[in-house]
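What follows is a set of notes on a single structure, which appears directly below.
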Amino acid sequence: MAKRSVVPFGPQHPVLPEPIHLDLVMEDETVIEAVPSIGYVHRGLESLVKKKDFNEMVYVTERICGICSFMHGMGYCSAVEKIMNVEVPRRADYLRTIWSEMSRLHSHLLWLGLLADAFGFEALFMQSWRLREKILDMFEISTGGRVIFSVNKIGGVLKDMPEDMLKSFVSILNDMEKELSETTTVFLNEYTVRSRLEGVGIITKEDAIRRGAVGPMMRASGIEVDMRKTGYAAYSDIDFEVITSDKCDSLARCQVRIGEIFQSIGIIRQAVEKIPEGEISVPVKGNPDGEYFMRLEQPRGEAFYYVRANGTKFLDRMRVRTPTFANIPAMLQTLQGAQFADVPLLILTIDPCISCTER
Amino acid sequence: MKTMHKSPWLLHYDGSSCNGCDIEVLACTTPVYDVERFGVVNTGNPMHADIFLVTGGINSQNEDVVKQIYSQMPDPKVVLAVGTCACTGGIFKECYNIKGGVDTVIPVDIYVPGCAARPESIIDGVVKAVALFQKKHEEEEKKKNGRYR
């Protein structure tokens, strides 16, 4: 009979990028069960609706998470716009789509780097983050900020991208594509990398549905689910295929995200071609009254925004369900029966964003 | 021990930040900004660390964690608060779960403002922390020498 022991893991741990605490019930080197406890990053920002008015809340929602900051702001703004029956100019929708896809690019590159770090491939980590800096430079040129740039407002966006800027971004991305394919080939074909990822952390199609996984986690288990297909912002005009994989393991999650990197570049290219001329925002008068439920696809998966307004400038309720929260049950499933040394890698394959989860 | 002050080790802990400052701190260790050229190395073990870099404010859950990491670090040590949240509580100051900046629980030596703090200002903060660490180290040596002579 093997000896059972409980190993506390986190919140501050040499291999953990983010503060999450897990109690790992171990039998020798095998994890039997993982019991999470969260709350290290809880700020309680949803309660700020009582103190900040609905316009100021745009800046608060952008700070739910610094990685998908733009999409959080966009989700909240879209929900309020729907309540107030504001028709956003088409150009603003396209600009939002372009910034969203740039966010997805930088988030997936960040994840690839952290994954490389988790299996101890330092050079690959540096390489992925070097490529990511080019996206951040593009953010800085177009908005002035690198990670949090507050360009959303209720009724549109605050900054426009002129035609030559958009063209130069496309040519930067074209050049990047070659470098990207060199780096991502290492992830998909290098034998040392494959030995760490292949067949590790399997979550079957049925389990993924039962545990309510979202985003790349779900798509890597062979289920075609992508909120972009619901056609918010300018996605209704854009032609793209949902990337899935049937392998259900860590390598499949890596493959799906790498596929999405190239897909995002394609979407930006299409959006730049189709972007119409015109205004970037419309004036908004009065206070919102009513409720709305907005769903959108973040790099980590589907996010919900629920906003209820009462006709005053302070909202009744703002609620966000973030993708990492939905992916934690699936992550706990992958940890069952895993080797202790694989735990940091498995936590990372869901692309955890703890500050989103706990808000 | 005389050369130790030239390469202090750095420990990064994410308090309750939004990840914005965290990824900028991580970006500082990558090729474009490369803070390691100033002699610091990012470590995960508090017992190895000389500079404690905290991002985000303090809440009721991570308060003890921050205090514990601080007490585990060997003397002399320098604390660096990165980002507006770590300095004062920032935009989340009015949230029910936020106690305020890092200085509400441990003494802070250097404040790096910004939301999110830019890599250039983080590097500036780290360079100042290295200089301060050197100063603290020399003072400690002086004290020791005085005692034993």
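The values are calculated or read from the model by the stated rules, or taken from the named source; none is laboratory data. Worth saying up front: this structure is predicted, and the values here are computed from it rather than measured. Note: ideal-geometry Cβ built from the backbone for every residue, glycine included; neighbour counts use all protein chains shown.
Per-structure values
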{"quantity": "Matching option when the condition is surrounded by fewer than 24 Cβ atoms within 10 Å (Cβ to Cβ) and within 14 Å of chain B (Cβ to nearest Cβ), among A:L112, A:L124", "calculated": "A:L124"}
{"quantity": "Condition met for A:V80 (touching a strand residue (DSSP E or B) at 6+ places or on another chain (Cβ under 7 Å), crowded, with 23+ Cβ neighbours inside 10 Å and over 30 Å from B:K67 (Cβ atoms))", "calculated": "yes"}
{"quantity": "Entirely in region A:144-242, the helices (runs of 4 or more DSSP H) that have 2 or more residues that are among the basic types (K, R)", "calculated": "A:163-189, A:191-197, A:205-210"}
{"quantity": "Subset of region B:31-55 [hydroxyl-bearing (S, T, Y) and in contact with a helix residue (DSSP H, G or I) (Cβ under 6 Å, 6 or more places away or on another chain)]", "calculated": "B:Y33, B:T55"}
{"quantity": "Single residue of A:A208, A:A252, A:A220 found to be touching a residue at least 60 places away in the same chain (Cβ under 8 Å) and crowded, with 19+ Cβ neighbours inside 10 Å", "calculated": "A:A208"}
{"quantity": "One residue from A:V151, A:V186 being touching a Lys or Arg at 6+ places or on another chain (Cβ under 7 Å) and in contact (Cβ under 8 Å) with a residue 40 or more places away in the chain", "calculated": "A:V151"}
{"quantity": "Options B:G100, B:G89, B:G114: the member that is more than 27 Å from A:T143 (Cβ to Cβ), surrounded by fewer than 24 Cβ atoms within 10 Å (Cβ to Cβ) and either modelled with pLDDT under 90 or within 11 Å of the chain's Cα centre (by Cα) (or both)", "calculated": "B:G100"}
{"quantity": "Checking A:I265 against (1) touching an Asp or Glu at 6+ places or on another chain (Cβ under 9 Å); (2) of a type in the set (A, V, I, L, M); (3) at pLDDT below 90; (4) in a helix (DSSP H, G or I), the condition it does not meet", "calculated": "(3)"}
{"quantity": "Criterion: touching a Ser or Thr at 6+ places or on another chain (Cβ under 6 Å) and modelled with pLDDT under 90 - qualifying residue of A:G113, A:G120", "calculated": "A:G113"}
